[in-house]
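As structure tokens, the structure follows; a few thoughts come after it.
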Amino acid sequence: MSSEDGEQDDWAATQTATDVETGESSRSPGFLQKLQSASSTISLILSPVAIILVSLWVSNESMGGGGVSWSEGDAKRVFNWHPVLMIVAYAIMNIAALIFRVSGTSSYQTSTRGISEAGTKRRGTIKAIHGYVWVACFLIGMVAMLAVVKSHNDAVSGYIANLYSLHSWVGVLVMSLYTLQLFVGIFAFGGLVGGTSRFAVPSLMEIHKYSGAVLHLLITATILLGIQEKEGFVQCWYEVTEADLIPIQNYGKIPSACKISHGLGLVVLLMGVFTSFALARFPVL
């Protein structure tokens, strides 16, 4: 028996016990499950919206002249690769996080009583896509971090300190946790650990799902910190000569780059909320 077969057996056995406790497999989707399905759809729609907004943001003149570059002496535009690639990775990772839910192959949605051989193979395919996308996001994230290092250590443009902000500290920690999550997933569920994984998968799967959901929220928060930090450099404020009691009246004074980044931040926040809700496990009501 292959490690894949062993994992599927363990997964199925785990779900049998779960179904006995919750009876979920014999019920049609409840109200909360329908809301989760809608949340998944909304979050997936917001993914390309985030990519469009970050592209518009870095194209603004306030962002180092606008656009991206990888040339020495053009540090500000080299740095622009960082938000672009991080948002692209986040958007793609969002799809990977929801792929089990939207495909109906989540272990919360199926059981041994409902899984056919074809269904088992389909889940294996979805799992492979999930893993490959996480690897792709890891590589994109590494290039995004390299863009920061390159832009901060440009002798022509001038040197800038690294790891001085809260965003950078949190970013390094979150990227480390992402790497740990990725490699644990590969070794525990990728068939690289034969006999051991058969016994480890049931408990590791629950930990993997929990830590993945938490990691998604941490990445969301880290991106928001990064947007806020960059907005400080872009000078996202306006002058007032009296009490600003009705801020909406001064909306037009907010720099255009900041309006875009505010919108991007809201989209990222909503993606974090909707995906978190979609991944949660609720009883069928």
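The values are calculated or read from the model by the stated rules, or taken from the named source; none is laboratory data. Just so we're clear, the structure is a prediction, and the values are computed from it rather than from any experiment. Counting neighbours? That spans all protein chains shown, and the Cβs are built from the backbone with ideal geometry, glycine included. For accessibility, only protein heavy atoms count, side chains too; no ligands or nucleic acids. Shrake-Rupley method; radii C 1.70, N 1.55, O 1.52, S 1.80 Å.
Points to keep in mind about this one:
- Some residue of the range 143-164 being within 28 Å of residue 37 (Cα to Cα) and either aromatic (Phe, Trp, Tyr) or at pLDDT 90 or above (or both): no
- Residues that are touching a Phe, Trp or Tyr at 6+ places or on another chain (Cβ under 6 Å) and within 15 Å of residue 55 (Cα to Cα), drawn from the range 229-263: 260, 261
- In the range 233-279, residue farthest from residue 91 (Cα to Cα) [restricted to those that are among the small types (Gly, Ala, Ser) and surrounded by 12 or more Cβ atoms within 10 Å (Cβ to Cβ)]: 256
- In the range 66-92, the residues that are under 30 Å from residue 275 (Cα atoms) form Cβ pairs under 9 Å with partners that are outside any helix (DSSP H, G or I) and among the small types (Gly, Ala, Ser), at six or more places apart or across chains, as follows: 79/64; 80/64; 80/66; 80/67; 80/69; 81/69.
- Restricting the range 194-216 to residues that are surrounded by fewer than 15 Cβ atoms within 10 Å (Cβ to Cβ) and of a type outside the set (S, T, N, Q) leaves a set whose member that is modelled with the highest pLDDT is 214.
- Members of the range 31-61 that are out of contact with any Pro (no Cβ under 6 Å at 6 or more places or on another chain), open to solvent by less than 70 Å² (accessible area, probe 1.4 Å), closer than 18 Å to residue 230 by Cβ and in contact (Cβ under 8 Å) with a residue 40 or more places away in the chain: 50, 51, 53, 57, 60
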